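Structure first, then comments.
Bear in mind that the values in this text are calculations on the coordinates, not laboratory data. Predicted model only: the values in this text are computed from it and were never measured. Cβ placement follows ideal geometry from the backbone for every residue including glycine, while neighbour counts extend to all protein chains displayed.
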Amino acid sequence: MKEADRPEPSRTYFFFNLGCPKNLVDAEKTAYGLEKRGWSRAESPETAALLVITTCAFISSAVEESVEEILRVASARRASQKLAVLGCLVSREGEKLESLFPEVDLFLAVPEMESLAHRADRLFTHAPLPAPCPGPEATGGHGRILFTPGHTAYLKIAEGCSNRCSYCLIPAIRGVLSSRSRDEILSEAEMLAGAGVREIVVIAQDTGAWGSEPGNVGDLYGMLGDLGSISGIEWIRLMYLHPAHIDPQRILKLIDGGKVIPYLDLPVQHANDRILERMGRRYRKADLSRILADLRSGNPGLVLRTTVMAGFPGETDDEFAELLDFMAEQRFDHLGVFAWSAEKGTAAARLRGRVDPSTVRARMGEITDLQMEISQEKMLARVGETLTVLVDGGLPRGEKPSDGVWGTGRFYGQAPEIDGLTYLSGSTAAAGNFAKARVTDAEAFDLFAALE
């Protein structure tokens, strides 16, 4: 059959989502717009008419991953399929992408992503423009089609960032801080709860800065308290809290008296004062130590995640050793590490004293090895405990049942996607339910537990 004789493609789409949860929320809103216009989600890329890639471009490695994904999807698609590339890479690189990737049918920067719904039909020249149809609120709520399991959702409370850290491109890609209104946030959370969401993960580029931009007076902790009053929401998880923008005592009150769980993500980036100053982080190691001590003394069961950077320009052996010592002293439960990258347009890209790449790789290895030891010790200490687990469902794709393990869940100390899983045996429970489970074994990132 000739291509011209093929039937018109169905109104189906498939997303390839890269990057952070903030990016995922943007993709969910974009998908909602498509469905409101009569499109439906395909079960696989092979059955979709429209292929959509949401890209990340925070650092060079993310750019490389996005480029590789574009090339991979473009080479595998059929001639009748259309390809749209959206998000941060488009915002960062602009019009040059059109000449680099002529196989892509449509590029949309971050502010334009939700216009895909209005542009998609024009990619298929013979497809009639449908009248707008009622939105599928029940599948995601508040203008979103959830790409997460139905019982867990991210709630983005602000866009952009005004911190201007010397290594970061976020303000250039996503603009300065722009907080959503309290009423809009709570309305979205209520609709998510009505759709069956039980765990809300509160996110922003800088979650702690919500409501702090000029002309805006927002009480983050009051808003989080209101969020906890919504029926159906059981866990509220806080991510991306800049250490300079939090009030430990008010956070502890929320954890002690509400639905905010004892899990906090505080990216520290480094522990040497000179490096922190060059990064533009606006705190010192002593500040970090005080904040962490206050948090832990107020809640001994608190689980802490952080992020650190290796190889920032000028980082000496002694300064790196100070970071390792800080990690050993603070014993974070979870820690992510990435290498400094010279991103064009950032202040740090102009700094002298770049660390040799082989040294950076070695330092990243040392950080990873140390954190592996710490994480494993902390997880093994939980053997014998009985924990409340949010059941996510069956085993991850490709994993086979063994030793009676039938599915996975997460206890409060495991954030979706990044912190490992709790493998479940014993009695069964449906996804989205909370259940008591006794920990029988542990590894560096995962727990094994039997449901009671």
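Numbers below:
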item: Equivalent ellipsoid semi-axes, the chain, via Cα gyration tensor eigenvalues times 5, rooted, Å; result: 36, 29, 23
item: Net length gained if the chain between residue 226 and residue 250 were fully extended (0.36 nm per residue, minus Cα distance); result: 7.3 nm
item: Whichever lysines have a C-alpha closer than 23 Å to that of residue 96, once near sequence neighbours (fewer than 8 apart) are set aside; result: 82, 344
item: Shape metrics for segment 386-451, restricted to C-alpha atoms - Rg then Dmax, Å; result: 10.4, 28
item: Those aspartates and glutamates that a straight Cα-Cα span of less than 12 Å connects to residue 259, excepting residues fewer than 8 apart in one chain; result: 199, 226, 234
item: Convex hull of Cα atoms in segment 138-263, direction-averaged projection (nm²); result: 7.9
item: Ordering of 361-373, 105-117 by burial proxy (mean other Cβ atoms within 10 Å per residue, highest first); result: 105-117, 361-373
item: Positive-end residue, segment 7-123 charge dipole about Cα centroid, Cβ charges, pick of 13, 62, 45; result: 13
item: Computed magnitude of the charge dipole of the chain (debye, nearest 20; Cβ of K, R +1, Cβ of D, E -1); result: 720
item: Stokes-Einstein D for segment 203-357, Kirkwood Rh over Cα pairs, 20 °C, 1.002 mPa s (µm²/s); result: 127
item: Inter-label distance for residue 356 and residue 403, nm, one decimal - labels placed 7 Å from Cα along Cα-to-Cβ; result: 4.3
item: Normalised alpha carbon radius of gyration of segment 7-123 [divisor 2.2 N^0.38 Å]; result: 0.97
item: Student exercise, segment 1-104 dipole from Lys, Arg, Asp, Glu Cβ charges, in Debye to nearest 20; result: 340
item: Cβ-placed point charges (K, R +1; D, E -1), dipole of segment 386-451 about Cα centre in debye, nearest 20; result: 240
item: Percent RCO, i.e. relative contact order, over segment 293-430, from Cα pairs under 8 Å lying at least 6 residues apart; result: 20
item: Sites residue 286 and residue 187, calculated FRET efficiency, Cβ-Cβ separation with R0 41 Å, nearest 0.05; result: 0.50
item: CD proxy at 222 nm, helix term only [per DSSP H run n ≥ 4: -39500 (n - 2.57); per residue of the chain; nearest 500]; result: -10000 deg cm²/dmol
item: Per-peptide average of other Cβ atoms within 10 Å, ordering 202-209, 60-67 highest first; result: 202-209, 60-67
item: Alpha-carbon centroid distance for the pair segment 140-194 / segment 406-451, whole angstrom; result: 27
item: Selected from 393, 435, 408, residue furthest toward positive end of dipole (segment 386-451; charges at beta carbon); result: 435
item: Nitroxide proxy distance, nm - points 7 Å out along Cα→Cβ at residue 77 and residue 430; result: 3.8
